[in-house]
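The values are calculated or read from the model by the stated rules, or taken from the named source; none is laboratory data. Here the structure is a predicted model, which is why all the values come from computation and not from measurement. All accessible areas refer to the heavy atoms of the entire protein, side chains included, with ligands and DNA or RNA removed. Shrake-Rupley method; radii C 1.70, N 1.55, O 1.52, S 1.80 Å.
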Amino acid sequence: MRIVLLGAPGSGKGTQSQRLVERHGIPQVSTGDLLRAAVAKGTPLGLKAKEAMAAGRLVADEIVLGMIRERLAEPDTRHGFILDGFPRNLAQARALDALLGEIGQPLDAVVQMEVDYGELSRRISGRRTCSDCGRVVNLLTSPPGEAEREACPKTGKPHRLFQRPDDNEATVTERLKVYEQQTRPLVDYYREQALLHTIDAKGPVAEVEQRLERALAQ
Ligand code: AP5
């Protein structure tokens, strides 16, 4: 199973990727996570990416494509992968096609996750991440008290929650604009390749998961 999850910031790509990882045993490849790790480590690549991420712009294609090339060369991707947040523009989509063509592993499906603007803003403003285990929760949409009750699997103590620095209002506005201008055109690109499935990604996480599984089974 080689799939792309396509959707605006906050549409649930990361959340649903995690569930697919658990069910299908294939890795999630998130360019956002790879970039955040590089920024946290202060690598040269991270230093280059940091400014664009803080402003809500896309990081340069050559940086992202280099990371994807390296990641897809790792053995755990041989039986499939979930691309979360990549590709993000037409140049990246064409480069991905070329790369997968070279290794004889074309995409099986692209799922577009549709959520309205108001719900995206609500989800992003409530999102918090545990700095120890990376678990993502939501103060507004998760069941009340869930994050507080749960022990962190890394420390055994309560999660230490932080808000992503790019989840502030100004950056989110820019990220949503960038999605409309640069990423949404991929919907037509993949429709023309007969790979596109669109699902309603609003509603409880488990219901969205069922819609996603049904789309992938088609
Ligand atoms: P990235 O990390 O990819 O961020 P994004 O695309 O903006 O997506 P998000 O992580 O915000 O949202 P998501 O769809 O994963 O939602 P989630 O599941 O967390 O990119 C960050 C930056 O890195 C970019 O701005 C750019 O600068 C750079 N970058 C990354 N990739 C790049 C690329 N390919 N090229 C160039 N630059 C790149 O859910 C959101 C919240 O909602 C969570 O709290 C969750 O608990 C909650 N939630 C999820 N599902 C539901 C539901 N069904 N109901 C209620 N709440 C829900």
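For the pairs 13/202; 50/177; 41/154; 48/157, flag any whose C-alpha to C-alpha distance is greater than 24 Å. Beyond 24 Å between Cα atoms: 48/157. Probing with 1.4 Å while keeping every protein chain in the model, the per residue accessible area of the chain equals 52 Å². A Cα-only calculation for the stretch 45-108 places Rg and Dmax at 12.6, 36 Å. Note on the chain: Cα Rg divided by 2.2 N^0.38 Å, N the number of residues, gives 0.99.
Of the accessible area of the chain, computed with a 1.4 Å probe over protein heavy atoms only, carbon and sulfur atoms account for 52 percent. Phi angles across the stretch 77-83 convert, under the Karplus curve 6.51 cos²θ - 1.76 cosθ + 1.60 with θ = phi - 60°, into 3J(HN,Hα) values of 8, 4, 9, x, 6, 10, 8 Hz, Gly and Pro given as x.
Once every DSSP H run of n ≥ 4 in the chain is given -39500 (n - 2.57) and the sum is divided by its residues, what mean residue ellipticity at 222 nm do you get, rounded to the nearest 500 deg cm²/dmol?
-14500 deg cm²/dmol
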